[in-house]
Structure formats: structure tokens, C-alpha cells
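Q: Quick one: this structure, given as C-alpha cells, is what I'll be asking you about.
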Amino acid sequence: MVKIKICGLKEEEDIMFLNDFPLDYMGFIMYPKSPRYVSDKLKKLLFLVKKAKKVVVFVNPSYEEVKNALDLGADLIQLHGEETPQFGKKIGLERIIKVFKIKDNLFDFKELSLWKNAYAILLDTYIKGLPGGTGRTFNWDIAKKVVSLGYKVFLAGGINPDNVLFAIKEVSPYAIDIASGVELYPGKKDPEKIKKLFDNLKMISC
Ligand SMILES: O=C(O)c1ccccc1N[C@@H]1O[C@H](COP(=O)(O)O)[C@@H](O)[C@H]1O
């Protein structure tokens with residue numbers, strides 16, 4: 001069964017609402033330029049999560065920032081910038097979701113292989129000046145290839161309740177990652193879109 005991650009949580013009520021759904025991962029953005037940046041609320045928000053694994057998302061962080069998130073209870077660290085495999089090893093690759101952003105249908109399979117021992121690989125859409133939360137899909141042929149090579153793939157970028165079943169059928173990823181596709185506005189989740197997402201997902205579990 002495909003795993004589900006909802007990312008970009010910053011409101012307490014959204015976490016409490018999501019606690020009642022069969023959600024596998026919740027993601028928290030620690031990137032100051034994002035409208036989803038949780039800032040000093042991280043500890044409080046992580047504490048509210050009941051069952052889902054807690055993923056803290058950084059863009060080119062310092063080791064100290066990552067260590068602080070782990071000390072606050074993060075289960076996994078999502079590296080969404082240009083971090084090196086050496087940096088990942090220093091944290092512990094088993095705790096890293098490494099992001100690759102797909103640009104112009106190009107993909108560096110050699111660079112991918114350097115992260116083969118990471119917890120997972122997350123594939124997202126490249127948009128200049130926007131590190132994530134783009135709401136845009138990319139060429140899933142690349143994702144299919146990465147899946148076929150045996151990588152544990154989180155498929156991100158422009159997934160929403162309407163295209164989630166097609167994405168799962170097409171790519172067969174390990175997990176689906178959704179941020180803006182279930183929002184009312186950046187940083188605020190929409191309960192109706194979340195209900196629709198999980199209603200649609202029930203169709204593949206029947
Ligand atoms: O959401 C953000 O603002 C963000 C900022 C910095 C790094 C990553 C960010 N979000 C990640 O974007 C993808 C997919 O987003 P979407 O579903 O296309 O809106 C997801 O992995 C988030 O973790």
C-alpha cells in the first residue's frame with residue numbers, strides 16, 4: 001500500500017485534524033522564505049503528532065539546525081537543497097529523505113547513486129527561485145525510471161486529490177507527498193480537500 005505524506009503543516013488544528021486519518025508522514029518546513037515556515041513553533045507542532053512519522057524539511061541547513069530538529073523529536077530530515085552526500089552521512093543516511101528536483105526532463109543518475117543508502121529519495125519539480133511547494137508536476141517518466149532502479153521514491157510536485165490515483169497507478173512510488181494540493185492557502189490546510197484525498201485513496205485499498 002502506498003504511503004502518504006502531507007507536508008507544509010504549520011497550524012495546530014491541521015495536525016489535530018490529520019491525526020484522525022491514516023497518514024504515514026507529516027512534514028514541517030524549516031525554510032524561512034517559505035509561507036509554510038514553522039519557525040519557533042516546531043517543538044510544539046511535533047509534540048501534537050500522534051502516529052505519523054515527523055519529517056522536518058530544510059534547504060541547505062547547518063548541522064546544528066538539523067541536530068536541533070532531531071533533538072526536538074523529528075524522525076526524518078528532508079534535505080531539499082544542494083546538500084552533499086557527506087553532509088547526509090554526518091547526520092545518518094538512514095534518517096534522510098534526499099530531494100532531487102527535475103528540470104527540463106534531465107536527471108543525474110550518478111548523483112542519485114551517491115544517496116542509495118538514504119531512507120528515501122523524493123522527486124519534486126524544479127522551478128527557478130522556488131525550492132518547494134510549487135504545485136507543479138514534472139515528467140513522471142523519470143520517476144518511473146528511478147522506481148524501476150529499486151529506489152524508495154516519494155513522488156512530490158503538484159499532486160492533489162484529483163490526480164493522486166493516476167500518479168500512484170502511473171509511477172508506483174513508495175509514497176506520495178502533497179503540500180499545496182490540500183491547502184486553502186499557503187500554510188493552511190483545507191479539511192474538504194483532505195477528506196476528498198482520503199476518500200479517493202480508499203478506492204485503491206478496496
Ligand atoms: O512547501 C514549501 O514551501 C517548501 C519550501 C522549501 C522546501 C520544500 C517545500 N515544500 C516541499 O514541496 C514538495 C511538494 O509541494 P507541492 O505538493 O507541489 O505543493 C513537498 O515535498 C514539500 O515538502
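Q: Surrounded by 17 or more Cβ atoms within 10 Å (Cβ to Cβ), under 14 Å from the mean Cα position of the chain (by Cα) and β-branched (Val, Ile, Thr): is that true of residue 142 in this structure?
A: In short, no.
Q: Can you tell me which residues in the range 1-40 are buried (at least 18 other Cβ atoms within 10 Å of the Cβ) and at positive phi?
A: 8
Q: Is the range 100-112 home to any residue that is within 16 Å of the ligand (Cβ to nearest atom) and aliphatic (A, V, I, L, M)?
A: Looking through the range 100-112, at least one residue is within 16 Å of the ligand (Cβ to nearest atom) and aliphatic (A, V, I, L, M).
Q: Check 143, 118 and return the single one that is touching a Leu at 6+ places or on another chain (Cβ under 9 Å) and away from the ligand (no atom under 14 Å from the Cβ).
A: 118
Q: Wholly within the range 41-132, which helices (runs of 4 or more DSSP H) include no fewer than the required count, namely at least 2 residues that are open to solvent by 10 Å² or more (accessible area, probe 1.4 Å) and touching a residue at least 60 places away in the same chain (Cβ under 8 Å)?
A: Helices (runs of 4 or more DSSP H) meeting the threshold: none at all.
Q: Of the numbered conditions (1) farther than 19 Å from residue 182 by Cβ; (2) part of a strand (DSSP E or B), residue 4 fails exactly one; give the number of that condition.
A: Unmet for residue 4, out of (1) farther than 19 Å from residue 182 by Cβ; (2) part of a strand (DSSP E or B): (1).
Q: Output the residues belonging to the range 147-172 that are surrounded by fewer than 14 Cβ atoms within 10 Å (Cβ to Cβ) and of a type outside the set (A, V, I, L, M).
A: Passing the criteria: 148, 150, 162, 166, 169.
Q: While we're on this one: Of the conditions (1) at positive phi; (2) away from the ligand (no atom under 16 Å from the Cβ), residue 129 satisfies every one except a single condition; which number is it?
A: (2)
Q: Across the range 148-206, what is the total count of residues that are within 9 Å of the ligand (Cβ to nearest atom) and without any contact (Cβ under 8 Å) to a residue 12 or more places away in the chain?
A: Total satisfying the criteria: 0.
Q: Only one of (1) surrounded by fewer than 23 Cβ atoms within 10 Å (Cβ to Cβ); (2) closer than 16 Å to residue 101 by Cα; (3) modelled with pLDDT under 95; (4) touching a helix residue (DSSP H, G or I) at 6+ places or on another chain (Cβ under 8 Å) is not met by residue 203, so which one is it?
A: Result: residue 203 passes all but (2).
Q: Can you tell me which residues in the range 187-197 are crowded, with 16+ Cβ neighbours inside 10 Å and either in a helix (DSSP H, G or I) or on the phi < 0 side of the Ramachandran plot (or both)?
A: 189, 190, 193, 194, 196, 197
The values are calculated or read from the model by the stated rules, or taken from the named source; none is laboratory data. Owing to the predicted nature of the structure, the values given are computational and were not obtained by experimental measurement. Here Cβ is always computed from backbone atoms with ideal geometry, including for glycine, and neighbour counts include all displayed protein chains. For accessibility, only protein heavy atoms count, side chains too; no ligands or nucleic acids. Shrake-Rupley method; radii C 1.70, N 1.55, O 1.52, S 1.80 Å.
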